[in-house]
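The values are calculated or read from the model by the stated rules, or taken from the named source; none is laboratory data. Just so we're clear, the structure is a prediction, and the values are computed from it rather than from any experiment. Methodologically, a virtual Cβ is constructed for each residue, glycine included, from the backbone with ideal geometry; neighbour enumeration extends over all protein chains shown. Please note that ligands, DNA and RNA were not included when accessible areas were found on the heavy atoms of the full protein model with its side chains. Shrake-Rupley method; radii C 1.70, N 1.55, O 1.52, S 1.80 Å.
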2 protein chains.
Amino acid sequence: MITRTQRERAITHCWELCQKTGVALRDDEIHQIEAADFGLSEFETTGLTILTLKITPSVGIKLIALYPWQACPEHLHPPQGDYPGKEETFRGLWGQAWLYVPGEPTPAPHARLPEHRAQYYTSWREIDLAPGAMHTSAPNEWHWFQGGPEGAVILSISTRPTDYQDRFRDPAVQRKTVVVEK
Amino acid sequence: MITRTQRERAITHCWELCQKTGVALRDDEIHQIEAADFGLSEFETTGLTILTLKITPSVGIKLIALYPWQACPEHLHPPQGDYPGKEETFRGLWGQAWLYVPGEPTPAPHARLPEHRAQYYTSWREIDLAPGAMHTSAPNEWHWFQGGPEGAVILSISTRPTDYQDRFRDPAVQRKTVVVEK
């Protein structure tokens, strides 16, 4: 869960960072921003804030904002029936982020994880998501990412989102974020 | 056909306009720019220049640059086997463009078409593609677009591109652009 204050701060932060990307935004799009803490109640270190620009039956277009060192926990988008699962292309737009995918582990990765969560991060091939850098994560492939020292904004362009079916390494994760008054 | 000079000028123009969008680009991405004249040899009025950021088997991510009043002729992306055809979401990034789709014709549309081509433009519901504005064109749906007085950059995010199967209203259109020395 996150508090209403945490959520409001996250939305403001996301909106400010999205402005810094240079991508033209409409004023009403601020209402399409949502904060997710993955049910861990450690939003500032494990969480993200998403401005959804468009969801169609085939495509998702989102801007993902991260606080400094905020991580999106390791997960995959599984197949469902005829659908092979969500394919997701990431492109760095502002700040610095790193994406981690299966493969040869990067010797000295930049990530900084909370110690009590580190065991649930198993993919360590580091992909640079500096502004302009891109990577496509295949359907059903584990991945996670983290913002660098100033945070980051990442463009995510994917096939049909299936967020509530995502599988997470960390068994404590719940996709739904509860917002409490405070 | 277009001349090598026209092509080089178009690539430079596209690159300059893409920089103006604010979207972070890598220097090497200039090599992913292509100019298309649709075989009409009237590139400055009927054509476009595309910076392809990514093509996967499922998704296409492109920046489309238009000269002032340059139009992409009316076309659709037809079904092929199990594939319903390309769905395409347009988002204005810089300048002004208008998209035209089937439906109630807009009374005083902004478009300015070359007279000898106007008969091949039949969809007249005008959609504003100012920066931040979006529209999704369904698979197999006619559409065309044109840049305004300063030209424009449009982000196109689509399902799998099938450019060479596109159907055009204008029977003179050929999708392949021939570049000649001059």
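Which is surrounded by fewer than 18 Cβ atoms within 10 Å (Cβ to Cβ) and over 20 Å from residue A:61 (Cβ atoms), of A:124, A:144? That would be A:124, the only listed residue that is surrounded by fewer than 18 Cβ atoms within 10 Å (Cβ to Cβ) and over 20 Å from residue A:61 (Cβ atoms).
Selection of the stretch A:50-85 for residues being within 30 Å of residue A:116 (Cβ to Cβ) and in contact with a Lys or Arg (Cβ under 9 Å, 6 or more places away or on another chain) yields A:50, A:51, A:62, A:69, A:71, A:73, A:74, A:75, A:76, A:77, A:78.
The residue that is farthest from residue B:150 (Cα to Cα), among those in the stretch B:63-77 that are open to solvent by 10 Å² or more (accessible area, probe 1.4 Å) and in contact with a Pro (Cβ under 8 Å, 6 or more places away or on another chain), is B:69. Considered as a group, the residues in the stretch A:167-182 that are among the β-branched types (Val, Ile, Thr) and part of a strand (DSSP E or B) include one that is surrounded by the most Cβ atoms within 10 Å (Cβ to Cβ), and that residue is A:179. Of all residues in the stretch B:14-54, those being in contact (Cβ under 8 Å) with a residue 24 or more places away in the chain, outside any loop (DSSP other than H, G, I, E, B) and either open to solvent by 20 Å² or more (accessible area, probe 1.4 Å) or in contact with a Pro (Cβ under 9 Å, 6 or more places away or on another chain) (or both) number 5.
The set of residues in the stretch A:1-42 being within 14 Å of another protein chain (Cβ to nearest Cβ), of a type in the set (A, V, I, L, M) and either under 18 Å from the mean Cα position of the chain (by Cα) or within 14 Å of residue A:151 (Cα to Cα) (or both) consists of A:17, A:30. Out of (1) of a type in the set (S, T, N, Q); (2) closer than 30 Å to residue B:81 by Cα; (3) open to solvent by less than 40 Å² (accessible area, probe 1.4 Å); (4) at pLDDT 95 or above, the odd one out for residue B:162 is which? Only one criterion in (1) of a type in the set (S, T, N, Q); (2) closer than 30 Å to residue B:81 by Cα; (3) open to solvent by less than 40 Å² (accessible area, probe 1.4 Å); (4) at pLDDT 95 or above is unmet by residue B:162, namely (4). For residue B:8, the conditions (1) more than 16 Å from residue B:152 (Cβ to Cβ); (2) assigned to a loop (DSSP other than H, G, I, E, B); (3) among the charged types (D, E, K, R) are fulfilled apart from (2).
Checking B:179, B:173 one by one, the residue that is more than 16 Å from the chain's Cα centre (by Cα) and away from chain A (no Cβ under 14 Å) is B:179 and no other.
Criterion first (open to solvent by 50 Å² or more (accessible area, probe 1.4 Å), among the hydroxyl-bearing types (Ser, Thr, Tyr) and touching an Asp or Glu at 6+ places or on another chain (Cβ under 9 Å)) does residue A:106 satisfy it? For residue A:106, the condition - open to solvent by 50 Å² or more (accessible area, probe 1.4 Å), among the hydroxyl-bearing types (Ser, Thr, Tyr) and touching an Asp or Glu at 6+ places or on another chain (Cβ under 9 Å) - is not met. Scan the stretch A:1-13 for residues that are loosely packed, with under 14 Cβ neighbours inside 10 Å and in contact (Cβ under 8 Å) with a residue 40 or more places away in the chain and the total you get is 2. Taking the stretch A:112-134 as the range and being touching a Ser or Thr at 6+ places or on another chain (Cβ under 7 Å) and free of Cβ contacts under 8 Å to residues at least 60 places away in the same chain as the test, the residues that pass are A:124, A:125, A:126, A:134. Of the strands (runs of 3 or more DSSP E) contained entirely in the stretch B:64-166, those carrying at least 1 residues that are more than 14 Å from every other protein chain (Cβ to nearest Cβ) fall at B:71-76, B:88-101, B:125-128, B:143-159.
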